[in-house]
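A.B. asks: One structure coming up, written as structure tokens, with questions to follow.
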Amino acid sequence: MKIFADTANLDELNELLSWGVIDGCTTNPAIVSKEKGIDFETRMKEIIGLVDGPVSIEVTSNDLDEMLKQSREFARWGKNVNVKIPMGITGLKAVNILKKEGISTNVTACMSMKQAVLAAKAGATFVSLFWARIEDMGYNAEQVVTETVDIFDLHDFEAEIILGSFRQVSHINRAMMTGAHVLTIPTKIMMSLPWNPRTESTINEFLESWDTFEKDSKKQ
């Protein structure tokens with residue numbers, strides 16, 4: 001299982017990369033818009049240079065010609081660029097064309113197994129299912145994802161399944177059980193994953209025991 005950082009913030013990204021657990025990075029217009037006063041191209045190129053794995057950059061149009069224009073431009077920014085294309089008929093057309101041009105794509109905002117299958121058939125490199133938004137509609141995201149993984153395995157689809165749209169740690173716990181290839185996780189949630197109250201109390205117990213040992217040793 002791969003873990004991608006879901007951020008466009010350089011400080012956050014550098015911190016997470018230092019852990020040695022990040023395999024790629026995803027961005028979208030909403031994430032980038034939080035970075036005030038930046039130049040979009042410059043920031044994306046900075047991220048591309050920092051991350052060894054795939055970096056997803058999303059198009060900002062639903063028009064086919066504009067999608068293709070932006071995708072080709074993004075692809076020139078680095079070999080690890082992965083262009084995010086919105087799910088839909090126009091998006092599928094774009095993915096089909098870009099696949100023939102050798103441009104890696106990530107079909108985003110998939111909410112169902114059938115959408116994921118269509119994206120994979122069109123030639124997507126990655127297919128992104130949105131966990132919390134699936135559950136917002138009243139569906140069981142774990143079931144949707146597990147069934148999608150089973151279908152991909154059954155038919156040997158080359159596309160990798162990315163799970164995103166996480167809002168709490170419990171989503172991560174369940175998502176890790178599905179067999180999806182990639183989890184893209186917001187920084188706030190990532191920062192909470194290493195922490196456990198029992199781990200902290202145990203480590204403090206060990207440190208206190210060692211401190212007592214050292215003090216006693218000095219008295220001898």
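What follows is calculated from the coordinates using simple rules that are stated; it is not laboratory data. Everything numeric here is computed off the predicted structure, so don't read it as measured data. Because the Cβ atoms are built from the backbone with ideal geometry, glycine has one as well, and the counts that use them run over all protein chains shown.
A.B. asks: If you look at just the Cα atoms of region 123-170, how large are its Rg and its Dmax in Å?
C.D. replies: Expressed in Å, the Cα Rg and Dmax of region 123-170 come to 11.4, 32.
A.B. asks: Give, in nm to one decimal, the length gained when the segment between Arg198 and Ile38 is fully stretched (0.36 nm per residue of separation minus the Cα-Cα distance).
C.D. replies: Working: separation 160, 0.36 × 160 = 57.60 nm, distance 4.10 nm.
Difference between extended and current length: 53.5 nm.
A.B. asks: If you take the beta carbon distance between Glu135 and Lys218 as r and set R0 to 45 Å, what does 1/(1 + (r/R0)^6) give as a FRET efficiency, to the nearest 0.05? Numbers along the way, then the final one.
C.D. replies: On the way: r = 57 Å, r/R0 = 1.27.
Efficiency computed from Cβ-Cβ geometry: 0.20.
A.B. asks: Another question, if that's okay. Can you give the extra length, in nm with one decimal, that the chain gains between Leu207 and Leu154 once fully stretched, where that is 0.36 nm per residue apart less the Cα-Cα distance?
C.D. replies: Working: separation 53, 0.36 × 53 = 19.08 nm, distance 5.04 nm.
Length gained, Leu207 through Leu154: 14.0 nm.
A.B. asks: I would also like to ask the following. So, counting K/R as plus one and D/E as minus one, what does the shell of residues with Cβ under 14 Å around Phe152 add up to? Could the numbers behind the result be given before it?
C.D. replies: Values: positive: Lys114, Lys121; negative: Glu147, Asp150, Asp153, Asp156, Glu158, Glu160.
Taking every other residue near Phe152 into account, the sum is -4.
A.B. asks: A further question on this structure: Using the Cβ atoms and a cut-off under 13 Å, what net charge is assigned to the surroundings of Leu207, where Lys and Arg are +1 and Asp and Glu are -1? Walk me through the numbers before you get to the answer.
C.D. replies: Details: positive: Lys215; negative: Glu200, Glu205, Glu208, Asp211, Glu214.
Local net charge: -4.
A.B. asks: Go through 189-196, 127-134, 46-53, 213-220 and give me the packing order, highest mean Cβ count within 10 Å leading.
C.D. replies: Top of the packing list down: 127-134, 46-53, 189-196, 213-220.
A.B. asks: Students often forget the sequence filter, so: which aspartates and glutamates lie under 14 Å Cα-Cα from Lys99 once same-chain residues fewer than 8 apart are removed?
C.D. replies: Output for Lys99: Glu158.
A.B. asks: Going by the alpha-carbon gyration tensor, a ≥ b ≥ c the square roots of its eigenvalues, is region 117-220 rounded (a/c under 1.5) or, if a/c is not under 1.5, prolate (a/b greater than b/c) versus oblate? Could the numbers behind the result be given before it?
C.D. replies: Numbers: a/c = 4.10, a/b = 3.03, b/c = 1.35.
Verdict is prolate for region 117-220.
A.B. asks: Rounded if a/c is under 1.5, else prolate if a/b is larger than b/c, else oblate: which is region 2-195, with a ≥ b ≥ c the root eigenvalues of its Cα gyration tensor? If you can, show how the numbers build up before the last one.
C.D. replies: On the way: a/c = 1.62, a/b = 1.02, b/c = 1.59.
Oblate is the answer for region 2-195, as a/c is 1.5 or above yet b/c matches or exceeds a/b.
A.B. asks: Quickly work out the Trp19-to-Glu46 label distance, labels modelled 7 Å from Cα along the C-beta direction, and quote it in nm with one decimal.
C.D. replies: 2.1 nm
A.B. asks: Please sort 12-24, 163-175 by packing, taking for each peptide the average over its residues of neighbouring beta carbons within 10 angstrom, highest first.
C.D. replies: Values: 12-24: 15.5, 163-175: 17.7.
Ranking the peptides 12-24, 163-175 by packing returns 163-175, 12-24.
A.B. asks: With both partners inside region 2-195, how many of the DSSP beta bridges are antiparallel, as a percent to the nearest 5? Walk me through the intermediate numbers first.
C.D. replies: Values: 0 of 27 bridges.
If we restrict to bridges inside region 2-195, about 0 percent are antiparallel.
A.B. asks: If you don't mind, there's one more thing I want to ask. What is the gain in length, in nm to one decimal, between Ile31 and Val169 on full extension, counting 0.36 nm per residue of separation less the C-alpha to C-alpha distance? Walk me through the intermediate numbers first.
C.D. replies: Working: separation 138, 0.36 × 138 = 49.68 nm, distance 1.95 nm.
Length gained between Ile31 and Val169: 47.7 nm.
A.B. asks: When a footprinting reagent is the concern and you count Cβ atoms within 10 Å, what order do Val144, Val32 take, fewest first? Write out the running numbers ahead of the final one.
C.D. replies: Details: Val144 21, Val32 18.
Taking fewest neighbouring Cβ atoms as first place, the list is Val32, Val144.
A.B. asks: In this model, which of Lys36/Lys188; Lys114/Lys188; Lys34/Lys100; Lys84/Lys121; Lys34/Lys93; Lys2/Lys79 are farther than 27 Å apart at the alpha-carbon?
C.D. replies: On the way: Lys36/Lys188 19 Å; Lys114/Lys188 31 Å; Lys34/Lys100 34 Å; Lys84/Lys121 16 Å; Lys34/Lys93 30 Å; Lys2/Lys79 19 Å.
Violating the 27 Å limit, Cα to Cα: Lys114/Lys188; Lys34/Lys100; Lys34/Lys93.
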